[in-house]
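*Asks:* After the structure tokens below, expect a handful of questions from me.
Every read-out reported here was derived from the displayed coordinates using simple, explicitly stated rules and does not represent laboratory data. As the structure is a computational prediction, the values presented were derived from the model and not from experiment. Glycine also receives a Cβ, built like all others from the backbone with ideal geometry; neighbour counts cover every protein chain displayed.
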Ligand code: FES
């Protein structure tokens, strides 16, 4: 489950992101992007709004709620 790649472009997994969020106490998406590099290429993993065809199962915005 935690080895799911959330950001396919940068090969960043769900566990990478959850660890970063917890360790660095991240609560906004811009910081999550800056700290991890996720969401810096195609941007579809950022949020459902950035992914109109539903090509990513999980988005960064959903991890912060
Ligand atoms: S999947 Fe994250 S930037 Fe493309």
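*Asks:* Name every residue in region 13-43 that is without any contact (Cβ under 8 Å) to a residue 24 or more places away in the chain and either more than 11 Å from residue 60 (Cβ to Cβ) or in contact with a helix residue (DSSP H, G or I) (Cβ under 9 Å, 6 or more places away or on another chain) (or both), in order of residue number. First the steps, then the outcome.
*Replies:* So the first thing to find is which residues in region 13-43 are without any contact (Cβ under 8 Å) to a residue 24 or more places away in the chain, and the list is 13, 15-16, 19-20, 22-25, 30-31, 34-35, 43.
Within region 13-43, 13, 15, 16, 19, 20, 22, 23, 24, 25, 34, 35, 43 meet the criteria.
*Asks:* Shifting gears a bit: Give me a count of the residues in region 17-49 that are surrounded by 18 or more Cβ atoms within 10 Å (Cβ to Cβ) and within 12 Å of the ligand (Cβ to nearest atom). Explain how you work it out, then say what you get.
*Replies:* Within region 17-49, the subset surrounded by 18 or more Cβ atoms within 10 Å (Cβ to Cβ) is 17, 20-21, 26, 32-33, 36, 38-39, 44-46.
So of that shortlist, the ones also within 12 Å of the ligand (Cβ to nearest atom) come out as 17, 32-33, 36, 38-39, 44-46.
Matching residues across region 17-49 total 9.
*Asks:* With the checklist (1) surrounded by fewer than 18 Cβ atoms within 10 Å (Cβ to Cβ); (2) in contact with a strand residue (DSSP E or B) (Cβ under 8 Å, 6 or more places away or on another chain); (3) at negative phi in hand, flag the one item residue 52 doesn't pass.
*Replies:* Result: residue 52 fails condition (2) only.
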